[in-house]
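Chemist: First, the structure itself, so that you have it in front of you.
The values are calculated or read from the model by the stated rules, or taken from the named source; none is laboratory data. As the structure is a prediction and not an experimental result, all values here were calculated from the model. FYI the Cβ positions are ideal-geometry reconstructions off the backbone, even for glycines, and counts take in every protein chain you see. Accessible surface areas use protein heavy atoms only, side chains included; no ligands, DNA or RNA. Shrake-Rupley method; radii C 1.70, N 1.55, O 1.52, S 1.80 Å.
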Number of protein chains: 2
Amino acid sequence: MKAMPSRDTSDVAIPDVAELDLFVIMDALSGPARRSIVLALAERDGVPCGQFGLSIAKSTAARHFRVLLEAGLIRQWDDGNIKRNGLRRDEIEHRFPGLLDLVLREARTTR
Amino acid sequence: MKAMPSRDTSDVAIPDVAELDLFVIMDALSGPARRSIVLALAERDGVPCGQFGLSIAKSTAARHFRVLLEAGLIRQWDDGNIKRNGLRRDEIEHRFPGLLDLVLREARTTR
């Protein structure tokens with residue numbers, strides 16, 4: 001049985017660029033809430049966790065952030081008391097050229 | 001509750017090229033068995049359903065073919081008593097340029 005993901009993401013294994021896995025990324029992008037997070041970060045870097053306008057429970061949102069972190073799609077950093085998020089755009093583009101453009105274009109037309 | 005998929009794929013809704021959905025395709029590609037089917041079809045067109053060397057139950061394989069058909073990744077046709085499969089390569093390339101190349105390259109390195 002999989003352990004319940006905690007809301008604290010400090011223990012998340014963050015893949016470095018060589019470890020990025022296309023199919024883990026695709027799986028992460030299969031969820032509409034996660035896509036909307038990625039899309040928001042493509043438009044604005046550094047959005048705090050609580051400001052994505054997601055109408056879902058905090059624990060659900062935390063799980064989505066964890067999946068995105070583990071897939072290597074986003075990074076998080078502390079800024080005083082808030083946790084900010086950014087898209088790992090250059091690294092993903094480097095490993096999987098064209099992928100993010102396809103994803104962002106499609107996510108925009110379907111949101 | 002979702003109906004159990006039948007092994008007969010004659011009732012599958014096959015998307016046409018304008019209906020292809022990137023995220024449905026990505027979701028379909030998240031399964032290793034389905035990727036191995038796609039990879040085999042990239043290398044040889046017209047592989048019969050029973051000849052992919054999948055070490056899984058027939059009913060499981062049938063479910064994978066159904067997911068691939070519904071995502072628009074493959075087509076099937078009858079050839080006498082056998083059902084052959086093909087990758088919808090040109091259509092996918094037309095809608096999502098570069099996607100299949102990324103997928104096939106990665107699937108080859110991880111099989």
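Chemist: Might you report the magnitude of the Cβ-based charge dipole of region B:23-111 about its Cα centre, with Lys and Arg at +1 and Asp and Glu at -1, to the nearest 20 debye? Spell out each step's value before the answer.
Modeler: Details: 15 positive and 11 negative charges, 60 e Å.
Dipole magnitude for region B:23-111 comes out near 280 debye.
Chemist: Something else now. Taking all protein chains as present, what is the carbon and sulfur share of the accessible area of the protein assembly as shown, in % to the nearest whole number, probe 1.4 Å? Mind showing how you got there, number by number?
Modeler: On the way: 6050 of 12220 Å².
Here it works out to 49 percent.
Chemist: Then there is this: Ignoring solvent entirely, what values of log10 I(q)/I(0) come out of the Debye formula for chain A at 0.11 Å⁻¹ when each Cα is a single scatterer?
Modeler: -0.32
Chemist: Find the Cα radius of gyration of region A:27-86, compare it with 2.2 N^0.38 Å by division, and give the number to two decimals.
Modeler: Details: Rg = 10.5 Å, N = 60, 2.2 N^0.38 = 10.4 Å.
Cα-based Rg divided by the globular estimate yields 1.00.
Chemist: Which distances, shortest first and in nm, link A:T110 to the matching position in the other copies, using label points set 7 Å out along Cα to C-beta?
Modeler: Those separations, rounded to one decimal, come out as 1.9 nm.
Chemist: How would you order A:24-34, A:96-106, A:63-73 from highest to lowest mean count of nearby Cβ atoms within 10 Å? Numbers along the way, then the final one.
Modeler: Details: A:24-34: 20.0, A:96-106: 17.9, A:63-73: 22.0.
Output ranking for A:24-34, A:96-106, A:63-73: A:63-73, A:24-34, A:96-106.
Chemist: Assign unit charges at the C-beta atoms only (+1 for Lys and Arg, -1 for Asp and Glu), then state the dipole size of the protein assembly as shown relative to its Cα centre in Debye, rounded to the nearest 20. Can you show the working numbers first?
Modeler: On the way: 34 positive and 32 negative charges, 124 e Å.
Roughly 600 debye for the protein assembly as shown.
Chemist: Taking 8 Å as the Cα distance limit and 6 or more residues as the minimum spacing, I'd like the relative contact order of region B:53-93 as a percentage. List each step's numbers first, then the result.
Modeler: Values: 25 pairs, mean separation 10.5, N = 41.
That works out to 26 percent.
Chemist: Follow-up. Counting every Cα pair in the protein assembly as shown, what percent are over 32 Å apart? Provide the component values of the computation, followed by the final result.
Modeler: Working: 6236 of 24531 pairs.
When every Cα pair of the protein assembly as shown is considered, 25 percent fall beyond 32 Å.
Chemist: What does the structure give for B:88-97 when I average, per residue, the other chain Cβ atoms found within 10 Å of the residue Cβ? Don't skip to the answer; put the middle values down first.
Modeler: On the way: counts 0, 0, 0, 0, 0, 0, 0, 2, 6, 3.
Partner-chain Cβ atoms within 10 Å, mean over residues of B:88-97: 1.
Chemist: Excluding same-chain pairs closer than 8 in sequence, count the lysine pairs in the protein assembly as shown whose Cα atoms lie under 27 Å apart. Provide the component values of the computation, followed by the final result.
Modeler: Working: A:K2/A:K58; A:K2/A:K83; A:K2/B:K2; A:K58/A:K83; B:K2/B:K58; B:K2/B:K83; B:K58/B:K83.
Final tally of qualifying lysine pairs is 7.
Chemist: Got the relative contact order for chain B handy, in percent, Cα pairs under 8 Å and 6 or more residues apart? Let's see the in-between values first.
Modeler: Details: 114 pairs, mean separation 37.6, N = 111.
Once divided by the residue count of chain B, the mean separation gives 34 percent.
Chemist: Mind checking the full-extension length gain between B:I14 and B:T60? Use 0.36 nm per residue of separation minus the Cα-Cα distance, one decimal, nm.
Modeler: On the way: separation 46, 0.36 × 46 = 16.56 nm, distance 1.94 nm.
Using 0.36 nm per residue and subtracting the Cα-Cα distance, I get 14.6 nm.
Chemist: Quick one: 3J(HN,Hα) in Hz for region A:83-93, Karplus 6.51/-1.76/1.60 with θ = phi - 60°, rounded, Gly and Pro as x.
Modeler: 10, 9, 10, x, 7, 8, 4, 5, 5, 5, 4
Chemist: As a test of the definition: with a 1.4 Å probe, what buried accessible area, both sides summed, do you compute for A against B, in Å² to the nearest 100?
Modeler: Details: alone 6860 and 6860 Å², together 12220 Å².
The buried area between A and B, both sides summed, comes to about 1500 Å².
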